[in-house]
Amino acid sequence: MTTPSAKAGKLSAKKSAREADGLFYEHQNRQSDSDNPYMRPFSRSLPMMLLLAREAIMVRFRRLLHESGLNEQQWRVLRALIEVDRLDISELSHRVHVLRPSLTRMLKTLEAGGLIRRERSKTDQRYTYIAITPAGVRKFQAVAPFSEAEYSRISNEIGPEKMRALYELLDELINATGEGRR
């Protein structure tokens, strides 16, 4: 049995949550509203929506990457390395958002394929630097035009203004949460 004070507390939580972002109950049905008065529907949670958006975009790039013999993480490594002379493993791990143990295993594959090379620091043997090789540059150059064509298709589908606004909103969100880029 719900007491009047408990019911008032639920209503107060609903009201403050609804006022917080205006989207809290926008897509919620009555059943879930009564079952979970404190949270927005699962399908409207920001992490879930960002995951769904990522998947909707990545499915478009996966075929291209697969055909080129790369997976998503390997492509991210090449993308990060093409813009710099070299990176130490920790910095590369941070930039490509791959945990260091997984990255270390992946680098072995890329190195065996001749796409990257490792260099030990001459001054501190604890540091290993990763650089893209000429073969890695050629692989990047072979895939990049197709990747950019996919970006163009996406931009044409939602419109350049919305694409620009999406980038700006994502940058704002990343910076506001304290997880800004380096």
The orientation-averaged projected area of the Cα convex hull of segment 97-139, in nm², is 3.5 nm²
P(r) over all Cα-Cα pairs of segment 115-182, 5 Å bins from 0 to the longest distance, whole percent per bin, short to long, reads 4, 13, 11, 10, 13, 17, 16, 10, 4, 2, 0
Highest mean packing first, using Cβ neighbours within 10 angstrom, the peptides 57-69, 77-89 sort as 77-89, 57-69
Over all viewing directions the Cα convex hull of segment 46-176 casts an average projected area in nm² of 9.4 nm²
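Read-outs: derived from the displayed coordinates by stated rules, not from any lab. The shown structure was predicted, so the numbers you read here are calculated from the model rather than taken from an experiment. We place every Cβ from the backbone using ideal geometry, glycine too, and count neighbours over all the protein chains shown.
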